[in-house]
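For reference, the structure is listed below as structure tokens.
The values are calculated or read from the model by the stated rules, or taken from the named source; none is laboratory data. Every value quoted in this text rests on a predicted model; they were computed, and no experiment measured them. Cβ atoms come from the backbone with ideal geometry, glycine included; neighbour counts cover every protein chain shown.
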Amino acid sequence: MIRVHVRPYTILRDYMPGPLGRQGTEIQLEEGSTVQDMLRRLGIPDDKVMLVFVNDMHVPLDHPLREGDRIELLPPISGGGKGLLTDCWRPETWRRRPD
């Protein structure tokens, strides 16, 4: 088993078990679990999650999780001016932090 820290934002908090503080919560998963496995365990449909960050890096749903990972889940958003939000939410427009 591994322990990971999950911090969902806005409506995704509704899927979390028990009371959820502003900093998120820890959950246990089977060794070798992916982000998608974690979403299934929490009952969060894939289409409700727009972005997943693990340890501050954008990752796909098939990303394997490790002990102590910090996961942030963001839902789709709407609003803003023409192209404003759609452009900033396209991963290919982001700059990666140097390793």
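For the stretch 5-49, taking the residues that are polar (S, T, N, Q) and under 21 Å from Gly68 (Cβ atoms), the one that is modelled with the lowest pLDDT is identified as Gln23.
Taking the listed residues Leu39, Leu12, the one that is in a helix (DSSP H, G or I), free of Cβ contacts under 8 Å to residues at least 60 places away in the same chain and aliphatic (A, V, I, L, M) is Leu39, with no other qualifying.
For the stretch 47-73, enumerate the residues that are part of a strand (DSSP E or B) and either within 17 Å of Glu26 (Cα to Cα) or charged (D, E, K, R) (or both). Give the derivation first.
Step one: of the stretch 47-73, the residues part of a strand (DSSP E or B) are 51-54, 57-58, 64, 70-73.
Once the filter is applied, which keeps residues that are part of a strand (DSSP E or B) and either within 17 Å of Glu26 (Cα to Cα) or charged (D, E, K, R) (or both), the stretch 47-73 yields Val52, Phe53, Val54, Pro64, Arg70, Ile71, Glu72, Leu73.
Yes or no: Ile77 farther than 17 Å from Arg3 by Cα, part of a loop (DSSP other than H, G, I, E, B) and modelled with pLDDT under 85? The answer is yes for Ile77.
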